[in-house]
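What follows is a short report on a single structure.
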Amino acid sequence: MTDVPAGTPSRRRPLARWWARHWHLFVFLTPAVLVYGTFMAYPLLSSLSYSLFEWDGFLRRGFTGLQNFATVLTRWPYNDRFWGAIGHNTWFFVLTFAIQTTLGLFVAVLLARKWRGFAFFQAAYFLPYTLSLVVVGFLWLMLLNPTWGMVAQGLRGLGLGEWVQPWLGQRATALTTVILVNAWGWLGFPILVYLAAVQAVPQEFHEAAFVDGASAWQDFWHVTFPLLLPSIAMVTILTFIWNFNAFELVFVMQGASGSPNYATDLLATFFYRTAFGDPTTGGEPGQIGIASAIGVMMLLLIGVVSAFGVRFMQRSQTEY
Amino acid sequence: MVAAPTTRFLVRAVIYLILGALAVVFLYPVVLMVLTAFKPTPEIFRSPFGLPESWSLDTFRTVWQRAKFGLYLRNSLLITGASALLLLATAAPAAYALARYTFKLKPVLFLFFLAGIMIPIRLGILPLYLLMRDLGLLDTPFSLIFTYAASGTPMAVFLLSVFFRNLPRELEDAARIDGCNELQIFYRIMLPLVRPGLATVVIVNVVPWWNDFFFPLLFIQSDTWKTIPLGMQIFFGQHLVNWSLVFSGMVLASLPLLIIYLIMSRQFIAGLTAGAVKG
């Protein structure tokens, strides 16, 4: 197309013919390429280059190579916050993964029996997923309030008053509490996907296993579970991606700096404070270069782990 | 498995017990939220678990006015609706072209669209923020609409191209013989046939868009275009000691999706399952 010189009528005709055969493709594809290219592909790609420059507020200064990365990894307080956040995000993922692949999977296998009332159970488990994380966060902030919250009042009513703790206010329990609150709002989704996968296993497979004398556990472990591996891998990858981007719940419940004393600070809240400043603690605002370096490291981490995950998912796929 | 009737009955009872207990864990906090919303603050502290003494809607009315809830509701509806329309209008034709034509750039374009399927758009927030500022879109609904539509594109293109690929070739040929051009074939014949796919794309995206807090927090400053999650977060922060107001606000904020979910939970769950399994 580009090698056609303009103004030579004899060679314009193939171009016209090409256009007549292909114009509809342009009509079909241009809008999506424009919107997706401008507002997703371009920002994601240029965030890579942002991290290589020095920034003065929102103004780009000189090229600094990997200096921003070195700052995040070695200079206090960035290094402490960064490794702290990596640890917190990892715990976020590990605990969520553990809950959804034990309890979530177990519930899905039970629900697959489709007894009376099971549709109601499924709808109940999924309901919190429709709530905004802002509502989930504030609801549990109220429920877990150690003085007036319903959890504390309920425990006191049961004579278990000494169990009441400021769960969200002390370092030892704050992060785990936030993760459990997140699991409450999230678990309906893994249950939904696993249930669909369990129901997709052909009934004859189970019948064959039982004819061979398998117990219910053997049927699950040797028939159902291997066929669920691709779904488990997919949900695990999605969980990893979302957990390493988690932001709202901590921002709403614990503030932008992940109180108490950064005990619930995550990569995304650390990134947010570095990029946009922290109104609550008056930190230095607008470190665009350093924030971009944090963002690029998140991107790399998510990219590498999900690439491995997708490979595992494809390898575990069984045709039947 | 053959088992004694009493054992079978016991197993059944235990399974119902487990699932029922879990349903309480998921449902009871939501029920508690709704009940508490009807109580004045002193009553919340005095009797946290009882039914409200009166079912008055006064606090809801207060929240509606003081939090400008009507305005936020309109904004959320407009922004979510426009994002869904824009996504369908851009992704459906692109998916159609990628599914049903062969051309030289097709593998490259497919890869281009699919590359974004695993990457959250948030990771490009800084360049996106500056782009919105330079385009003059900050503090307008368009910043959110473009962001949402762009972030939904990879999944929508992938999902819809699966639907389009499964349509029979003869339909297209028949329409071509009848004198339809390529655009008419797409719009009049093929698009109506993938309506379930379009519905899935909408269902998969509408919940996270409606509930999104991150992008409104960064893109919207003035009240005029705040969405429900952002408006409510600010309102809750200001009235944290007035539990009655906060609980009423939470119920109001959740009500739109909750109503839709209660009416059509079956379609909701089916759509999300299709989206998750195909994706």
Quick check: is even one residue across the range A:258-266 touching a residue at least 40 places away in the same chain (Cβ under 8 Å), part of a helix (DSSP H, G or I), assigned by TED's automatic domain parsing to the domain that holds residue A:187 and not aromatic (Phe, Trp, Tyr)?
no
Can you pull out the helices (runs of 4 or more DSSP H) entirely within the range A:186-237 that have at least 3 residues that are surrounded by fewer than 18 Cβ atoms within 10 Å (Cβ to Cβ) and assigned by TED's automatic domain parsing to the domain that holds residue A:104?
A:203-211, A:216-219
Where in the range B:223-279 are there helices (runs of 4 or more DSSP H), lying fully within it, with 1 or more residues that are among the basic types (Lys, Arg)?
B:265-278
Cβ contacts < 6 Å: first residue touching a residue at least 40 places away in the same chain (Cβ under 8 Å) and at the interface with chain A (Cβ under 10 Å from one of its Cβ atoms), restricted to the range B:129-151; second residue surrounded by 18 or more Cβ atoms within 10 Å (Cβ to Cβ) and assigned to a loop (DSSP other than H, G, I, E, B), any location; separation 6+ or different chain. Result?
B:143/B:137
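Conditions (1) more than 11 Å from chain A (Cβ to nearest Cβ); (2) hydroxyl-bearing (Ser, Thr, Tyr); (3) in contact with a strand residue (DSSP E or B) (Cβ under 7 Å, 6 or more places away or on another chain), marked per residue:
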site	(1), (2), (3)
B:13	yes, no, no
B:18	no, no, no
B:31	no, no, no
B:35	no, no, no
B:48	no, no, no
B:51	yes, no, no
B:54	yes, yes, no
Can you tell which of A:115, A:76, A:91 is facing chain B (nearest Cβ under 9 Å) and over 24 Å from residue B:204 (Cβ atoms)?
A:115
Criterion: polar (S, T, N, Q), farther than 20 Å from residue B:247 by Cβ, modelled with pLDDT of 95 or more and part of a helix (DSSP H, G or I) - qualifying residue of A:68, A:79, A:89:
A:89
Kindly provide the set of residues from the range A:283-311 that are farther than 23 Å from residue A:231 by Cβ, buried (at least 17 other Cβ atoms within 10 Å of the Cβ), among the small types (Gly, Ala, Ser) and modelled with pLDDT under 90, ordered by number.
none
Residue satisfying condition, being closer than 21 Å to residue A:191 by Cα and among the polar types (S, T, N, Q), within set A:236, A:274:
A:236
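Out of all the residues in the range A:138-168, which are of a type in the set (A, V, I, L, M) and touching a residue at least 40 places away in the same chain (Cβ under 8 Å)?
A:141, A:168
The values are calculated or read from the model by the stated rules, or taken from the named source; none is laboratory data. Here the structure is a predicted model, which is why all the values come from computation and not from measurement. Virtual Cβ from ideal backbone geometry, glycine too; neighbours counted across all protein chains shown.
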